[in-house]
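Below is one structure, written out as structure tokens; the observations come after it.
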Amino acid sequence: MANETKEKPGGKLVIIAAGGTGGHMFPARAFADEMRKRGWRVGLISDSRGLHYASDFPAEWKEEVFAASPNFRKPWTLPGAFLKIQAGIRMAKRIMKEKQPALVAGFGGYPAFPALAAAKARKVPILIHEQNSVLGRVNRNMAPNASVIASGFDRLDRLPKGKPHKAVGNPVRAPILAVRDQPYPPTDGKLTLLVTGGSQGSQIIGESVPLAIANHIPAPLRARLKVIQQVRAEQLDKVKDIYDKVMVEAELAPFFSDMPEKLGAAHLVIARSGAGTVSELAAVGRPSILIPLAIAMDDHQAANAEALTDVGAADMILEANLYPALLGELIAARLSNADELKQRAEAAKNSAKVNAAGDLADLAEAVALH
């Protein structure tokens, strides 16, 4: 748990508390960059899993604390989880006593809880940023103690009664923002359909999209298609065979490292509706068909999707209704109308909050200096 680098003299310190997934770490990283530009010192508190994903996180030091996610469906595991959480809070309190932060900023995920609980105990101002349209469990628990609650979307469900929030948006990676200036691709030649399934890929999307394209899109339109699809490794051969049989040009891979370029080339995107995905679609300005993850807590992905469906930039199909015939007809309807595609792209772009990192930093400074 030793400090990784010496702290710089001068400047106020903000401690960032964040979970281990990209959905929590990406906005936290963008916020950290912005605060450093403003002369702040930045520290990171997470658990071992979170720090595993934070090798390039822009913090002067990173500290590990114990954390756990209580599973109330397995009550016999609760005593151990609570003991681990209490140990993590004690560790976070010691860190804060030594570091004397002016602010603790929580970005969700169970590894953020010990630091936020320690901040509450030591009366350090708390800022919470919720990426989704529904407050997650940790942020919901700490919301009554937060000086300000910032959100990735205008809509934020499960807020404590009488507690306001500031919709600043989700900070988006610089390579994604760079694509925002690119015009929508020409529609008189090939039409590019980009299909993603979240960070781990999606089996149901991998199965449904090829069947929809092969069996439910008219042949003349199908001949113009180029499909770029994220596919699980175990599905690659089957998906390739389907596209080969109907002679659809397809680029398939379990992971794409050049997602900004792929988004820039896309005429239509089929994707999950995690907070990061929805925010990036808006930032770049691309029409989409969104398929919320059915098991997402509090159905927050469906709530996220409404940020784009409500402005006419996206369609939403629930997993329960994800039939190849319905999906194929919707893809065909969207790709057959070039003017409507461009209108949907513009609606997505107009909904974006591209100054999220700066606006969040403004809130942080206002809280810390209050």
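Between 98, 130, 340, the residue with the greatest mean-square fluctuation in the GNM of the chain (Cα pairs under 10 Å linked by springs) is 98.
For segment 70-174, what log10 I(q)/I(0) values come out of the Debye formula at q = 0.12 1/Å, with one point per alpha carbon and no solvent? Summing over Cα pairs of segment 70-174 leads to -0.44.
Of the residues 47, 258, 298, the one that moves most in a GNM of the chain with alpha-carbon contacts below 10 Å is 258.
Protein heavy-atom surface of the chain, 1.4 angstrom probe: 53% of the accessible area is carbon and sulfur, with nucleic acids and ligands not counted.
Length, then width, then depth: along the principal axes, the Cα atoms of the chain run 68, 47, 41 Å. Taking Rh as the Kirkwood radius computed over C-alpha pairs, what is the Stokes-Einstein D of segment 122-279 at 10 °C in a medium of viscosity 1.306 mPa s, expressed in µm² per second? Stokes-Einstein gives a translational diffusion coefficient of 88 µm²/s.
Based on protein heavy atoms only, the chain ends up with 45 Å² per residue of surface accessible to a 1.4 Å probe. Sorting 165, 267, 370 by solvent-accessible area of protein heavy atoms yields 370, 165, 267, largest first, with a 1.4 Å probe.
Modelled this way, with points 7 Å down the Cα-to-C-beta line, the labels at residue 309 and residue 122 are 4.4 nm from one another. Helices assigned as whole DSSP H runs in the chain whose Cα atoms extend at least 15 Å along their own long axis and whose mean Kyte-Doolittle hydropathy is 1.0 or higher are found at 324-335. Counting only lysines at least 8 places from residue 190 when in the same chain, those with an alpha carbon closer than 27 Å to its own are 226, 238, 240, 245, 262, 342, 349. Amide H to amide H distances under 5 Å link residue 133 with 304, where only residues 5 or more positions off or on other chains count and H is placed in the peptide plane. Near residue 205, once Lys and Arg are set to +1 and Asp and Glu to -1 for all other residues with Cβ below 11 Å from its Cβ, the sum equals 0. Apply the Debye scattering formula to segment 35-130, with a single equal point scatterer on each alpha-carbon and no solvent, then give log10 I(q)/I(0) at q = 0.16 Å⁻¹. Result of the Debye calculation: -0.67.
Stretched out straight at 0.36 nm per residue, the stretch from residue 74 to residue 246 would grow longer than its current Cα-Cα span by 57.1 nm. The stretch between residue 52 and residue 99 holds 14.7 nm of extra length on full extension. This uses 0.36 nm per residue minus the Cα-Cα distance. Result for the chain in a Gaussian network model with C-alpha springs under 10 Å: among 63, 234, 306, the largest mean-square fluctuation is at 234. Computed from Cα atoms alone, the Kirkwood hydrodynamic radius reported for segment 205-251 is 10.6 Å. Computed from backbone phi, the HN-Hα couplings of segment 189-195 come to x, 5, 10, 9, 10, 9, 10 Hz, rounded to whole numbers (Karplus: 6.51 cos²θ - 1.76 cosθ + 1.60, θ = phi - 60°; Gly and Pro given as x).
Taking 7 Å steps out from each Cα toward its Cβ at residue 333 and residue 37 produces label points 4.1 nm apart.
Measuring how big segment 170-229 is from its alpha-carbon positions, Rg and Dmax come out at 14.7, 41 Å.
The values are calculated or read from the model by the stated rules, or taken from the named source; none is laboratory data. Keep in mind that what you see is a predicted model, and the values were worked out from it rather than measured. For neighbour counting, all protein chains shown are included, and Cβ atoms are generated from backbone atoms with ideal geometry for every residue, glycine included. With ligands, DNA and RNA removed, areas are computed over all heavy atoms of the protein, side chains included. Shrake-Rupley method; radii C 1.70, N 1.55, O 1.52, S 1.80 Å.
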